[in-house]
Amino acid sequence: GQQLNQSPQSMFIQEGEDVSMNCTSSSIFNTWLWYKQDPGEGPVLLIALYKAGELTSNGRLTAQFGITRKDSFLNISASIPSDVGIYFCAGQAFSSGSARQLTFGSGTQLTVLP
Amino acid sequence: DAGVTQSPTHLIKTRGQHVTLRCSPISGHKSVSWYQQVLGQGPQFIFQYYEKEERGRGNFPDRFSARQFPNYSSELNVNALLLGDSALYLCASSLPYPYEQYFGPGTRLTVT
């Protein structure tokens, strides 16, 4: 199945450093979502973006919906140990009456070193 | 408020068998979606139901089927299990707007 191009695939950073990851698509999306998944658990919604150019923050997390509607990025500032996990981007394209299905990226595995 | 719940948590089946997975959405959410997540990959869309009607289907064989009940809970059925069906099966629920999907903890299916 289709997956978005998410990079980097993995990151090793020192505690306190900032992190940036991004997602690109060949298709236009109406909504971009960012999730975090811990081992053995379901994805947890971090940030949702609804308009091209939108910049949204949630605590130390900031995400942007690209102007072309084909990309998005997520920044995490001042990383802490509990930021460890896999981060997924997801795009949603829909029209009236259609499914609101999510297309996911392949994930970014984040490791925070003390 | 309770989040999305799924049962069972883990399941081990043999090739050729049938399996039923269950999902209860967040209270007030009328839409339920099912995703399959293979190890090392992002979730893949299987089905979406809204108000008991199928709204969309992903690229999965007819061995996969689902339904939604009047209380908006849902079942995912998989027939004639293959080894490749081993995965984490995730259920997500959402409101009509905003279009945010909230996931349950998943059911880990192992086919031997």
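The values are calculated or read from the model by the stated rules, or taken from the named source; none is laboratory data. These numbers were taken from a predicted model, which means no experiment stands behind them. Every residue, glycine among them, receives a Cβ derived from its backbone with ideal geometry; neighbour counts consider all protein chains shown. Calculation scope for accessible area: heavy atoms of the full protein, side chains included, ligands and nucleic acids excluded. Shrake-Rupley method; radii C 1.70, N 1.55, O 1.52, S 1.80 Å.
For this structure, a couple of remarks:
- Sequence ranges A:43-53, B:99-109, ranked by mean other-Cβ count within 10 angstrom, highest first: B:99-109, A:43-53
- Of the trypsin sites (Lys or Arg not before Pro) found in the stretch B:1-83, the ones in coil according to DSSP and having at most 15 other Cβ atoms within 10 Å of their Cβ are B:Arg15, B:Lys30, B:Lys52, B:Arg63.
- Apportionment of accessible area to carbon and sulfur, the stretch A:35-114, percent (1.4 Å): 57 percent
- For chain A, alpha-carbon Rg and Dmax in angstrom: 13.8, 49
- Compactness index (Cα Rg / 2.2 N^0.38 Å), the stretch B:1-53: 1.32
- Springs between Cα atoms under 10 Å define the GNM used for chain A, and in it the highest mean-square fluctuation of A:Ser72, A:Ser57, A:Ser26 occurs at A:Ser26.
- For chain B, the solvent-accessible area of protein heavy atoms averages 47 Å² per residue (probe radius 1.4 Å; ligands and nucleic acids excluded).
- Shown for the stretch B:67-112: residues covered by the partner protein chains by 50 Å² or more of accessible area relative to the chain by itself (probe radius 1.4 Å), namely B:Tyr99, B:Glu100, B:Gln101, B:Phe103.
- Spatial extent of the stretch A:49-114: Rg and Dmax, with the Cα atoms as the point set, Å: 14.1, 49
- Chain B - percent of accessible surface contributed by carbon and sulfur, probe 1.4 Å: 51 percent
- The shape of the protein assembly as shown can be summarised by an equivalent ellipsoid whose semi-axes, obtained from the alpha carbon gyration tensor, come to 29, 21, 16 Å from longest to shortest.
- If R0 is taken as 22 Å, the Cβ-Cβ distance between B:Leu95 and A:Ser27 corresponds to a FRET efficiency of 0.35.
- Think of each Lys and Arg Cβ as +1 and each Asp and Glu Cβ as -1; about the Cα centre, that makes the dipole of chain A roughly 480 debye.
- Under 22 Å from A:Lys36, Cα to Cα: lysines that are on another chain or at least 8 residues apart: A:Lys51, A:Lys70
- Cα-projected label distance for A:Tyr50 with B:Glu53, points at 7 Å along beta-carbon direction, nm: 2.4 nm
- Those lysines that a straight Cα-Cα span of less than 16 Å connects to B:Lys52, excepting residues fewer than 8 apart in one chain: B:Lys30
- Rough spin-label spacing in nm, given labels placed 7 Å along Cα→Cβ, for A:Ile67 and B:Leu39: 4.4 nm
- Averaged over the residues of B:55-62, the number of partner chain Cβ atoms lying within 10 Å of the residue Cβ comes to 3.
- Cα-projected label distance for A:Val84 with A:Asp18, points at 7 Å along beta-carbon direction, nm: 2.5 nm
- Whole-Å semi-axes of chain B's equivalent ellipsoid (Cα gyration tensor): 23, 14, 13
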